[in-house]
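Notes for the one structure printed next.
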Amino acid sequence: MSNQVALVTGSSRGVGRAIALALAEKGYDIVINYARSKTKALEVASEVEALGRKALVVKANVGDVEKIKAMFIQIEETFGRLDVFVNNAASGVLRPAMELEESHWDWTMNINSKALLFCAQEAAKLMEKVGGGKIVSISSLGSIRYLDNYTTVGVSKAALEALTRYLAVELAPKNIVVNAISGGAIDTDALTHFPNREELLADAREKTPAGRMVEIEDIVKAVLFLVSDDAFMIRGQTIIVDGGRSLLV
């Protein structure tokens with residue numbers, strides 16, 4: 001039988017890259033998805049291959065359903081299966097609600113919310129072939145709390161978490177386990193786009209009960225748990241990994 005296969009969207013850098021490499025270390029062949037950073041995606045592929053695993057690099061804007069379908073055709077042609085889908089790719093326009101335009105809303109919702117639905121539809125077809133699978137999405141605390149300039153992303157992540165619950169129930173008969181992870185502020189490239197980046201980092205450093213900020217590895221460990229058989233009875237949940245920051249009002 002072929003090695004198990006994992007798709008991680010937005011895996012050319014940051015959290016997605018770390019998840020992809022961790023899954024490769026666990027023995028998965030990896031589908032690396034990117035939208036712009038081809039050079040970085042190829043670097044991740046080299047790292048995956050250095051671990052003795054196969055890597056498929058696919059350029060696809062996951063906000064476009066036709067691009068999603070084309071990506072899954074490549075996955076099926078290359079591997080003939082899919083065991084894990086990590087819905088990590090994200091984007092968004094960071095502006096106050098009163099300054100948002102329709103294009104900002106559509107762009108963010110398509111990549112952060114619509115992508116999960118239509119990727120899950122395609123992933124489920126391949127997972128059925130091997131008797132089941134695991135789907136994990138990456139959310140954020142803006143889904144349940146107000147963050148400055150975060151309207152489009154926060155609302156899109158709230159939709160993602162709701163969709164996680166619906167998919168968990170509807171895909172359960174196919175032996176597909178669906179969950180999400182909501183992380184606290186992490187000092188990655190993505191955070192550089194926030195106008196209040198330094199304020200967010202200072203808050204995380206000073207007010208996280210665990211005594212330190214959330215790190216990429218914390219999210220990776222949570223993903224590895226949710227795609228393991230140990231998490232079989234966890235369904236449709238959004239696991240908050242924030243060191244307790246959201247507990248403080």
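For the stretch 211-223, a tally of residues being part of a helix (DSSP H, G or I) and crowded, with 18+ Cβ neighbours inside 10 Å returns 6. Within the set of pairs 6 or more residues apart or between chains, which connect a residue that is in contact (Cβ under 8 Å) with a residue 60 or more places away in the chain and among the small types (Gly, Ala, Ser) inside the stretch 119-147 to a residue that is part of a loop (DSSP other than H, G, I, E, B) and crowded, with 23+ Cβ neighbours inside 10 Å with Cβ atoms less than 6 Å apart? Within 6 Å, the pairs are Ala123/Leu82. Looking at the stretch 94-113, is at least one residue at pLDDT below 95 and either among the polar types (S, T, N, Q) or in contact with a strand residue (DSSP E or B) (Cβ under 9 Å, 6 or more places away or on another chain) (or both)? Within the stretch 94-113, one or more residues are at pLDDT below 95 and either among the polar types (S, T, N, Q) or in contact with a strand residue (DSSP E or B) (Cβ under 9 Å, 6 or more places away or on another chain) (or both). Are any of the residues in the stretch 145-164 over 20 Å from Gly63 (Cα atoms) and at pLDDT 95 or above? No.
Scan the stretch 96-113 and give yes if some residue there is within 14 Å of the chain's Cα centre (by Cα) and surrounded by 24 or more Cβ atoms within 10 Å (Cβ to Cβ), otherwise no. Yes. Each residue in the stretch 31-44 was checked for being part of a helix (DSSP H, G or I), farther than 9 Å from Ser11 by Cβ and either under 18 Å from the mean Cα position of the chain (by Cα) or of a type in the set (Lys, Arg) (or both), and 2 of them qualify.
Residue-by-condition table, conditions (1) at pLDDT 95 or above; (2) hydrophobic (A, V, I, L, M, F, W, C); (3) within 27 Å of Lys129 (Cβ to Cβ); (4) within 20 Å of the chain's Cα centre (by Cα):
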| site | (1), (2), (3), (4) |
| --- | --- |
| Val169 | yes, yes, yes, yes |
| Ile176 | yes, yes, yes, yes |
| Arg197 | no, no, no, no |
| Ala204 | no, yes, no, no |
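Per the listing Ser46, Ser11, the residue uniquely of a type in the set (Ser, Thr, Tyr) and over 22 Å from Lys134 (Cα atoms) is Ser46. Residues in the stretch 72-98 that are among the aliphatic types (A, V, I, L, M) and either part of a loop (DSSP other than H, G, I, E, B) or touching a residue at least 12 places away in the same chain (Cβ under 8 Å) (or both): Ile75, Leu82, Val84, Val86, Ala89, Ala90, Val93, Leu94, Ala97. For the stretch 1-28, a residue qualifies if it is of a type in the set (D, E, K, R) and either part of a helix (DSSP H, G or I) or buried (at least 24 other Cβ atoms within 10 Å of the Cβ) (or both), and the qualifying residues are Arg17, Glu25.
Selection of the stretch 196-234 for residues being among the charged types (D, E, K, R) and within 20 Å of Leu7 (Cβ to Cβ) yields Lys221, Asp229.
Starting from the stretch 225-249, take each residue that is part of a loop (DSSP other than H, G, I, E, B) and list its partners that are β-branched (Val, Ile, Thr) and at pLDDT below 95, counting only C-beta distances under 9 angstrom and pairs at least six apart or across chains. The qualifying pairs are Asp242/Thr208; Asp242/Val214; Gly243/Thr208; Gly243/Val214; Gly244/Thr208; Leu248/Thr208.
The values are calculated or read from the model by the stated rules, or taken from the named source; none is laboratory data. Small disclaimer: the values here were computed from a predicted structure and weren't measured. Cβ coordinates were reconstructed from backbone atoms using ideal geometry, including for glycine residues, and neighbour counts include every protein chain displayed.
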